[in-house]
1. Determine which single condition MET1 fails, assuming it passes every other condition in (1) surrounded by fewer than 18 Cβ atoms within 10 Å (Cβ to Cβ); (2) at pLDDT 95 or above; (3) not β-branched (Val, Ile, Thr).
2. For ALA275, state whether it is more than 19 Å from VAL160 (Cα to Cα) and modelled with pLDDT of 95 or more.
3. Working carefully through the options GLY243, GLY221, GLY260, find the one that is in contact (Cβ under 8 Å) with a residue 40 or more places away in the chain, surrounded by fewer than 16 Cβ atoms within 10 Å (Cβ to Cβ) and on the phi > 0 side of the Ramachandran plot.
4. Do any strands (runs of 3 or more DSSP E) lying entirely in region 168-255 carry at least 1 residues that are of a type in the set (S, T, N, Q) and closer than 24 Å to HIS56 by Cα, and which ones are they?
5. Being closer than 30 Å to VAL158 by Cα and assigned to a helix (DSSP H, G or I) is the filter here, so list the residues in region 279-300 that pass it.
6. Look at region 113-143 and say how many of its residues are part of a helix (DSSP H, G or I) and in contact (Cβ under 8 Å) with a residue 12 or more places away in the chain.
Amino acid sequence: MLDSSWIDEHAAEFDVFHVHFGFDALSPESLRAIVDALGRHGKPLVYTVHDLTNPHHDTPDAHTAHLDILIPAADGLITLTAGAADEIERRWGRRPIVVPHPHIVEPDEANAAIDGRTASGGRFRVGVHAKSLRASLDPLPVIEALVDLSAREETLDVLVNGHRELLDPAGAKFEPELSARLRELADAGRIELRIHDYLSDTELWHYLASLDASVLPYRFGTHSGWMEACRDLGTAVVAPDVGYFADQGPVFEYRRDPSGTLDVDSLQAAVLAAARAQTPRPDPEARAAERGRIAAAHLDVYTSVLSLERVAS
């Protein structure tokens, strides 16, 4: 769909073109051609700004070049948080509509995962997920800080889940230093390490529900779908003070400096705060009802952009 020729061939089959993701690999010229094709056919563009920095890119330039095309061109503009809307207005002079992220986990699946949670026996289980190392992820310093904290807090357990492609010597994206250190910590009994292939949705929900807190080991970012899944399952989120995670929902926040370097003390304090807090049992049905309001907000945007007068160019 993200192709100008596809739009030319299928323009009669849709009314609104809504972009969320999927344009990372496109050149600015290709993205401009898509915008031009929509204009030729008089089709409105709606863009939801999920990321103001691309979590897969070391530098912001390529993603900013995409945003410089999409944000001014969009007939309807949406983002997930007021903080992101403020930044967009400051940088591009346009104020998006704020529509929160809907639930990730379906209510019946959330209830099953929550009901399947085993009693902690007074332990506080903190998880870090070492998935494929995209540019925004920096898990090892976070894990080291948690291990240090667990040496002083006897009821704290550190769980690390990692993908086989990253931690297995035969993996396509093997990270030998990370793998060696995690295995060393596991052999010493400092962490519980699970190495596996990609989890199914059901497996992931049960894993997240088994944790008391999930630490997001991000150096930079804007919003998080992982965080939404944790909210659905009643798992506390420990997140850095980058992007707009704290605007997105309740988090226990830790600090990173402008270069992305971890502030260890603030991370440990955030985990201890999460351990002291009483996380209420989630309400999957309430989250499902929220989805209805989110759908209605999208319908309002679609109705609005379709009411605009436009002439195919």
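The values are calculated or read from the model by the stated rules, or taken from the named source; none is laboratory data. As the structure is a prediction and not an experimental result, all values here were calculated from the model. Ideal geometry is used to build each Cβ from the backbone, glycine not excepted, and the neighbour counts take in all protein chains shown.
1. That leaves (2) as the condition not met.
2. So ALA275 fails the test.
3. Every option except GLY260 fails the conditions.
4. By residue number, 213-215.
5. Residues satisfying the conditions are PRO284, ARG287.
6. 7
Listed here are the residues, each with its yes/no results for (1) surrounded by fewer than 18 Cβ atoms within 10 Å (Cβ to Cβ); (2) out of contact with any strand residue (DSSP E or B) (no Cβ under 7 Å at 6 or more places or on another chain).
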{"position": "ALA135", "(1), (2)": "yes, yes"}
{"position": "PRO141", "(1), (2)": "yes, no"}
{"position": "GLU153", "(1), (2)": "yes, yes"}
{"position": "LEU156", "(1), (2)": "no, no"}
{"position": "VAL160", "(1), (2)": "no, no"}
{"position": "ARG164", "(1), (2)": "yes, no"}
{"position": "ALA170", "(1), (2)": "yes, yes"}
{"position": "GLU175", "(1), (2)": "no, yes"}
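Each row is one residue, and each column tells you yes or no for (1) aromatic (Phe, Trp, Tyr); (2) within 29 Å of ASP24 (Cβ to Cβ); (3) at pLDDT below 95.
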position	(1), (2), (3)
THR118	no, no, yes
SER132	no, yes, yes
ILE143	no, yes, no
LEU156	no, no, no
ARG164	no, yes, yes
PHE174	yes, yes, yes
ARG194	no, no, no
LEU199	no, yes, yes
